[in-house]
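Structure record follows, encoded as C-alpha cells.
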Amino acid sequence: MKTLARIKEKGLWLAPLLTVLILWELAARYVIKNPAMLPRFSEVIFSFYMLREDIILDILVSLLHFGIGLTLAFSVALPLAIGMGWFRNVFKALDPIVEILRPIPPLAWIPIAMVWFHLTHYAAGFIIFLGAFFPILIASYTGFRDVPKVLVETGKVLGCIGDRNLIKYVAFPYALPSVATGTRVGMGVGWMCVVAAEMFGVSENGLGYRLFNEFYWLHQMDYVVAYMLILGLVALCLDRLFRHFVEDKLFKWKKGIVK
C-alpha cells in the first residue's frame with residue numbers, strides 16, 4: 001500500500017511534467033518549425049551537455065549575488081518591520097517613504113547601482129536587495145502589527161514588562177510565520193531580479209549575464225532556453241530547501257487542512 005501511495009504521489013507531479021515536455025517537443029518540431037522562435041526540448045537538453053563546463057560557475061556566481069542581496073534585505077527589513085509593526089509613530093514616519101519607493105521597479109535602480117557600486121558584485125546584490133526587501137518588510141511588519149491584544153495583556157500579567165521583552169517573547173514568536181512568508185516571497189522576487197542585476201556586466205559569469213549578453217545577441221535560442229530552465233530549477237531548489245528547513249522543521253506545529 002505504501003509503495004502504491006508513493007507511486008501515485010510521484011505521478012501527481014511527474015505526469016503533468018512529462019506531458020508538457022512531450023507537447024513542447026511536438027509543437028517545436030511539427031508546428032513552429034523554427035528553432036529561432038522555439039527550440040525543441042531535445043536541442044535544449046543537448047545544450048546542457050555543451051554548456052556543462054560553464055553552468056556550475058555561472059550558478060555559483062548568481063548565487064553569490066543572490067546571497068548578498070537577500071542577506072542585506074533581511075538584515076534591513078526585519079528591524080524596520082519590528083519598528084513599524086510595534087510602534088505607531090515609527091509606522092507613521094516611515095510608511096510614506098516605503099510607499100513611495102516600493103512601486104519603483106528594481107530595473108529602474110540599475111543606473112544608480114552602477115554609479116554607487118560600479119561594476120562589482122555588490123551592484124548586482126543591490127538590485128536583488130531591492131527586489132527582496134519590500135516583500136519581507138511588508139509581510140513582517142504586518143505580522144508584528146497584528147499581534148492580538150489579548151496576548152500582549154497576558155504577557156504583561158505573566159511578568160513580561162517593557163517593549164523589548166514583549167517584542168522578544170510575545171510579538172516575535174507570533175509574527176514568525178509572517179516573516180517566513182515574506183522571506184519566501186522576497187526570495188522569489190529577488191531571484192527574478194538576477195537576470196536584470198547581471199545583464200549590465202558586473203562580472204563575466206552568471207546566469208543572467210550569460211543569457212542576455214552572450215546567447216541572446218548571438219541568437220542561440222536553445223542556449224537561452226537552457227539557461228531559462230536553469231533559472232527555474234535553481235529557484236525550485238531554493239524554495240524547496242526553504243520550505244524543508246523553515247516550514248517543515250521550524251513550523252512543524254503549524255499545519256493546515258492540506259496534509
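Here are some notes:
- Structure-derived percent of Cα pairs over 35 Å apart - corresponding label in [x] 32; [y] 27; [z] 61: [x]
- 5 angstrom amide H check on Q220, placed H, neighbours 5+ away: none
- At least 18 Å along the helix axis (C-alpha) and Kyte average at least 1.6, DSSP helices within the chain: 221-242
- Calculated FRET efficiency for the pair A27/W116, C-beta based, R₀ 41 Å, to 0.05: 0.35
- Environment charge of E25, counting only residues whose C-beta is closer than 15 Å and scoring Lys/Arg +1, Asp/Glu -1: +1
- Peptide packing for 22-30, 70-78 was compared via the average number of neighbouring C-beta atoms within 10 Å per residue; ordered from the highest value, the list is 70-78, 22-30.
- Extension gain (nm, one decimal) between V98 and E247, 0.36 nm per residue minus Cα-Cα: 50.8 nm
- Surrounding net charge for L64, when Lys and Arg each add one and Asp and Glu each subtract one, Cβ distance under 14 Å: -3
- Order by protection proxy (mean Cβ within 10 Å, highest first), peptides 167-179, 199-211: 199-211, 167-179
- Peptide ranges 237-244, 220-227 listed from the most packed, as the mean C-beta count within 10 angstrom indicates: 220-227, 237-244
Only the coordinates and a few stated rules stand behind these numbers; no lab work does. All values reported here derive from a predicted model rather than from experimental measurement. Note that each Cβ is placed from the backbone with ideal geometry, even for glycine, and that neighbours are counted across all protein chains shown.
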